[in-house]
Amino acid sequence: MKINLALATLILSMSSLAYSAAATQTFPTSAGDVKITPLFHASTRIEAGGKIIYLDPAKPAKLAGSPKADLVLITDIHPDHMDPASIAQVSKEGTEILAAPAVVKTVTSAKPIANGETQSWQGWSIEAVPAYNLTRGPAAGKLFHDKGRGNGYLLTYGGVHFYFSGDTEGVPEMRALKNIDVAFVCMNLPYTMPPDEAADAVKAFAPKRVIH
């Protein structure tokens, strides 16, 4: 699938409106529908096969009254991704947590999943994709997101591949992805990347559908 750079930029810019509206989108798979609801920023709820997954539940996402999690995935240590109070709010007895190893130092009930590792859970394949900055940081010689610390996640269910980028720039590991059906790509200056850079990265791995 070929994606024109200008078109990808337009899609990414327009899709931010849908993301902030928190509209649930349904994606058919061979194992049944996957429903994905963006809640706020990186916070996202995923429903499939009678199971609930939360990605980065964190304030100010409105979580009161939300269904409890069977699985929580955490990408990084910053409070807009790792919020122990919000994790507790969506958890129940038996909730499992997978997180980048740096997160496990704080969320001690989580099991680590490092860059490049893949785990299976309830019919899902969960692969941790590196998420990091190439150039942007708070000062010379420093980066907002160091290589090896944070995860994006490639989630596969019923033969459909969903990519959640985490906080990252258009790193080689993102650009090398293959056969992505739905990509949720970050854009958040000064910490990650602007629409034109995100669009260029999207053009490289050509997902069938891209959402900011």
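What follows draws every value from the coordinates through simple rules; no lab data is involved. From a predicted model like this one, the values you see are computed outputs, not experimental measurements. Counting neighbours? That spans all protein chains shown, and the Cβs are built from the backbone with ideal geometry, glycine included.
Give LYS62/LYS92; LYS178/LYS203; LYS68/LYS111; LYS35/LYS62 a once-over and call out the pairs whose C-alpha atoms are over 21 Å from each other.
From the list (LYS62/LYS92; LYS178/LYS203; LYS68/LYS111; LYS35/LYS62), the Cα-Cα distance tops 21 Å for no pair.
Under the Karplus relation 6.51 cos²θ - 1.76 cosθ + 1.60, θ = phi - 60°, what is the ordered set of whole-Hz ³J(HN,Hα) values for region 195-202, x standing for Gly and Pro?
Each residue of region 195-202 in turn: x, 5, 6, 4, 5, 5, 5, 4 Hz.
Which length gain, in nm to one decimal place, applies between SER125 and LYS208 when the Cα-Cα distance is subtracted from 0.36 nm times their residue separation?
Between SER125 and LYS208, full extension yields 28.0 nm more.
If you build a Gaussian network model of the chain, linking Cα atoms that sit under 10 Å apart, which residue out of PHE162, PHE27, PHE40 swings the most?
Judging by the Gaussian network model, the answer is PHE27.
With an 8 Å Cα cut-off and a minimum separation of 6 or more residues, compute the relative contact order for the chain in percent.
Worked out over the chain, it gives 18 percent.
Charges only on Cβ, +1 for Lys and Arg, -1 for Asp and Glu: so what's the dipole of region 5-211 about the Cα centre, in debye to the nearest 20?
120
If the reach is capped at under 16 angstrom between alpha carbons, list the aspartates and glutamates near LYS51, excluding any in the same chain fewer than eight residues apart.
ASP33, ASP70, GLU93, GLU96
Add -39500 (n - 2.57) for each DSSP H run of 4 or more in the chain, then divide by its residues: what number comes out at 222 nm, to the nearest 500 deg cm²/dmol?
After summing the helix terms and dividing by residue count, I get -5500 deg cm²/dmol.
Pull up the cross-link candidates among the aspartates and glutamates for LYS142, meaning alpha carbon to alpha carbon under 19 Å and not fewer than 8 places away within one chain.
ASP76, ASP167, GLU169
Between ALA64 and ASP200, 0.36 nm times their residue separation minus their Cα-Cα distance comes to what?
Contour length minus Cα-Cα distance gives 45.2 nm.
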